[in-house]
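Enquirer: After the structure tokens below, expect a handful of questions from me.
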Amino acid sequence: MRIKPIVGQFIFLLVLSVGLMFLDQFFHGRNWLKNTFSSISKPVYRLVDFPSQTSDWLIDWFNDRRELTQSLEQLELENAILKVKLQRLQAEIRSQNKLQSFMRSTQNIADEILAADILNVNLERHAQRIILNKGQSDNVYLGQPVVDDFGIVGQITDLSVAHSIVTLITDASQSTPVMVKRNGLRALVNGTGHLEKLDVKYQGAEADIKVGDHLLSSGIGYRFPPGYPVAVVDDIQSDNNESFLQITARPLAQLNHGKQLLLIWPKTLQRTPNPHVDSVLESISMTDGANP
Amino acid sequence: MNSQHYVPQPGWPIHLSLVLALLSGLLPVKESIAEFMPNLVLLVIVYWALYRPESVGLGWAWLIGLVQDLIMANLIGHHALVYVTVVFLIKYALVKNKNYAFFDYMSWLIAFVILDLLFAIVLNWSVQQISPQWSLVYSVLGSILIWPWLYALLSIVEALAAQIQN
């Protein structure tokens, strides 16, 4: 019996799809198809984002001057308060520098930061991924940490020239290394697929962790720089049959509101520049004739 | 509609409905509604494959799946594979006898939506080790609720397009 052409076509396309899936899985992020396609998806994202952008613009336009001066005053006040808080925080960190992680986090202040706008485009049902309007042309890289004013939001998992996609820490595929702020206890925080909920994994029944504990990024794994707030412990359940505690935490970053996020280029793992050492190194490299 | 003397029908309703379905997938919706949001692209493809099988090909369905995967930054090939399978099943096995009732189509649709869902669950689990979530079942419910309305809308558009052409 001869095979019908539609069956042949079906099998061919099936094999092609599976082949593409394999290619995408093993050459993720530098897939030529994705790069050529980003020029098509860019106007699509713009189009979907357009209504919310115009409404923002209209609101700005009709906002009267008095309201603007009011909000400016309020922001100035907030800024002053934050500056004072920052000073206190720095003093506190200095006084606690027996903990190595805190010493490292003092250098976090020097991290390079770029603000990126969130495109009002939704990639899936649960909005665990966000599109930003900054991409390769702004030196954004895969795995780059993204934060907001309150804590870690996620990391860059997809990238094209003009935009990038952040996967939130609450995505079920993400796990973030953290430590308890109070005592430095290390833990792993897994996403659950819900914006308000994270699971704290692998803490034995004797672990020193309480409801209300703040969890900071620990810097282990070199993905997220140490010392950024991640979550606060919400609930702890112990089950006699399980060897680990069931701990849930609430992310501190405002994952479902806000218009802007911050991309950070962590500096903590690099040597901090020191003019004296640098000049010595420079003279050595000059006498050696070698490239630094 | 009139199957006695066949006239080629305009293709723009198909293209337009697909573009709108693709875009609607990107629109931000409230989280409470988001759980019920069906995959509109799948529903639109199923509609055209059932009611206009002569203007819907396997390559066409594959290409739409590919475009969706690229726009949604999914694993490339995921939706392409699902849509090819669905259109193949419809064309090869189902649309030989055109005397089916609306509810037959409805039950096939449910089967296809579940197929789409199962495939997503298997893929999530095998590629990213994500365990399936119960909330995915809500989108099946959403598909069932939205199908009659989509059916009505698309048949009106189709009828209008045919009228404009004549």
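Any read-out appearing in this document is the output of simple, stated calculations on the displayed coordinates, not a laboratory observation. Because the structure is predicted, anything quoted here is derived from the model rather than measured. Cβ placement follows ideal geometry from the backbone for every residue including glycine, while neighbour counts extend to all protein chains displayed.
Enquirer: Using the 10 angstrom Cβ neighbour count as an exposure proxy, how do A:E196, B:E54 rank, fewest first?
Expert: B:E54, A:E196
Enquirer: For segment B:35-166, treating each Cα as an identical point scatterer without solvent, what Debye log10 I(q)/I(0) comes out at q = 0.12, 0.19, 0.20 1/Å?
Expert: Log10 of I(q)/I(0), two decimals: -0.49, -1.17, -1.28.
Enquirer: Taking H placed 1.01 Å from N in the peptide plane, check which residues at least 5 places from A:L245 or on another chain put their amide H under 5 Å from its amide H.
Expert: Sorted by chain and number, the residues that satisfy this are A:Q203, A:G204, A:A205.
Enquirer: A further question on this structure: How far is it, in nm, from the label point at A:F27 to the one at A:W57 when both lie 7 Å from their Cα along the line to the Cβ?
Expert: Distance between the two pseudo-spin positions: 3.9 nm.
Enquirer: What value, in deg cm²/dmol to 500, does the helix sum -39500 (n - 2.57) over DSSP H runs of n ≥ 4 give at 222 nm once divided by the residues of chain B?
Expert: -22500 deg cm²/dmol
Enquirer: Next question. How compact is segment A:128-212 by the rule of thumb for globular proteins, expressed as Cα Rg over 2.2 N^0.38 Å?
Expert: Expressed relative to 2.2 N^0.38 Å, the Cα Rg reads 1.26.
Enquirer: With just the Cα atoms of segment A:175-255, tell me how far they stretch along each of the three principal axes, in Å, largest first.
Expert: Between the extreme Cα coordinates on each principal axis of segment A:175-255 lie 35, 25, 21 Å.
Enquirer: Once both labels are modelled 7 Å past Cα along the beta-carbon direction, what's the A:E67-B:I121 spacing in nm?
Expert: Rounded to a tenth, the inter-label distance reads 4.8 nm.
Enquirer: Give me the net charge of A:S238's neighbourhood, meaning all other residues with Cβ under 14 Å from the Cβ of A:S238; Lys, Arg count +1, Asp, Glu -1.
Expert: Spelling it out: positives minus negatives among the neighbours equals -4.
Enquirer: Which whole-number percent gives the relative contact order of segment B:12-165, counting Cα pairs below 8 Å spaced six or more residues apart?
Expert: In percent, rounded to a whole number, it is 29.
Enquirer: For segment A:157-165, take each phi angle, set θ = phi - 60°, evaluate the Karplus expression 6.51 cos²θ - 1.76 cosθ + 1.60, and give the result in whole Hz per residue in order, putting x for glycine and proline.
Expert: Each residue of segment A:157-165 in turn: 10, 8, 8, 9, 4, 9, 8, 9, 10 Hz.
Enquirer: Using Cα centres only, tell me the gap between segment A:56-91 and segment B:35-84 in whole Å.
Expert: Centre-to-centre (Cα) distance: 47 Å.
Enquirer: Which entries in the list A:K134/B:K30; A:K42/B:K91; A:K134/A:K201 go over 31 Å, if you measure between the two C-alpha atoms of each?
Expert: Where the Cα-Cα span goes over 31 Å, the pairs concerned are A:K42/B:K91; A:K134/A:K201.
Enquirer: A follow-up question, please. Among A:V121, B:V67, rank each residue by its count of other Cβ atoms within 10 Å, from fewest to most, as a rough exposure measure.
Expert: Listed from fewest to most nearby Cβ atoms, that is B:V67, A:V121.
Enquirer: For A:I118, A:I81, which order do you get if you count the other beta carbons within 10 Å of each Cβ and list the fewest first?
Expert: Starting with the residue having the fewest Cβ neighbours, the order is A:I81, A:I118.
Enquirer: Which residues among segment A:212-239 fall inside the zone where the amide N is under 18 Å from a point 7 Å beyond the Cα of A:Y202, along Cα→Cβ?
Expert: Once the point is set 7 Å along Cα→Cβ of A:Y202, A:216-224 turn out to lie under 18 Å by backbone N, inside segment A:212-239.
Enquirer: Output wanted: per-residue J couplings in Hz (rounded whole) for segment A:179-196, from phi through Karplus 6.51 cos²θ - 1.76 cosθ + 1.60, θ = phi - 60°, x for Gly and Pro.
Expert: 9, 6, 4, 5, 9, x, 4, 8, 8, 10, 10, 9, x, 10, x, 10, 5, 9
Enquirer: Can I ask one more? What helices does chain B have that are whole DSSP H segments, at least 30 Å long along their own axis by Cα, and with mean Kyte-Doolittle hydropathy of -1.0 or more?
Expert: Span-like helices in chain B: B:102-128, B:136-165.
Enquirer: A further question follows. What does the average come to when, for each residue of peptide B:65-75, you count the partner chain Cβ atoms lying within 10 Å of its Cβ?
Expert: Other-chain Cβ atoms within 10 Å of each residue's Cβ, averaged: 6.
Enquirer: Using label points projected 7 Å from each Cα along Cα→Cβ, tell me how many nm separate A:S175 and B:M106, to one decimal.
Expert: Taking the two extended label points, one gets 4.5 nm.
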